[in-house]
1. As a test, work out the antiparallel percent of DSSP beta bridges whose residues both lie in chain B, rounded to the nearest 5.
2. Could you list B:46, A:67 in order of exposure, starting from the residue whose Cβ has the fewest other Cβ atoms within 10 Å?
3. Once both axes come from the Cα atoms, what is the angle between helix A:16-33 and the longest principal axis of chain A, in degrees from 0 to 90, rounded to 10?
4. Looking only at other chains, what is the average number of their beta-carbon atoms within 10 angstrom of each beta-carbon in A:32-42?
5. Taking neighbour Cβ counts within 10 Å as the exposure measure, how do B:68, B:55, A:68 sort from fewest upward?
6. Counting only DSSP beta bridges with both residues in the protein assembly as shown, tell me the antiparallel percent, nearest 5.
7. Would you please give the FRET efficiency between residue B:77 and residue B:1, computed as 1/(1 + (r/R0)^6) with r the Cβ-Cβ distance and R0 = 22 Å, to the nearest 0.05?
8. Under 14 Å from a point 7 Å along the Cα-to-Cβ line of residue B:69: which residues of the range A:61-99 have their amide N that close?
């Protein structure tokens, strides 16, 4: 982490209530950092989908298992990690929800939405097991070439 | 935001005015129960008015798909009305916009039933 970056860590229980809580925390962080309404919506929804994924498919709704959520805020982007205590998975094994045969399936769109809404997205194995979703959203550059974000401006003052 | 679904019968069909969020938990379950209840009552021409739905997640999308296929499998039709921009965009990127019969005018939606 550089001197200009900030890190916020949250540990969540495996509960459906954690989904809304994670999204609310994320929205506050993204808004305070200076992301616009559209980007806040995309980042918030990605965290929501990531935590749903961790609850349902990772920790399989076992309350005693934890979900570790972290936000790294730098002048250029926000990086979000969502780590569960499940068996882990590989992206290549996730069915494409846009494929004809999957179009009318009632689930399986969460990963797709995270990839669509974030600028960077990856899945890796946590060091102690589990699946770790890593996603990032970049601040939109302003005409001056810098990030122009509230967070960056604050640090420059 | 609290999910609310209010059905009203008109022109031989049922328009369900929905407001709030259709997300994992209350919203998705509420929509599922509403569609199930209408089908139990024999109402198979259904328009979901989503004009006041401010937020929908992947679970909500799944519930819309479930409602669509359940109604269709029982010989009925489920149509969508007044999508907000966010819901419209979600259906676009998930390629579901072409699956659902989407309308911007209630009268047109009602007259489009077979």
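1. Given both bridge residues lie in chain B, the antiparallel proportion sits at roughly 30 percent.
2. Exposure proxy ranking, most exposed first: B:46, A:67.
3. Value to nearest ten degrees: 20.
4. Whole-number average of other-chain Cβ neighbours for A:32-42 is 1.
5. Result, fewest neighbours first: A:68, B:55, B:68.
6. So the antiparallel bridges amount to about 65 percent of the total.
7. 0.20
8. Residues passing the 14 Å test: A:97-99.
Every number here is computed from the coordinates shown, using simple stated rules; none is lab data. None of these values were measured; they are calculated from a predicted model. Glycine gets a Cβ as well: all are built from the backbone with ideal geometry, and neighbour counts include every protein chain shown.
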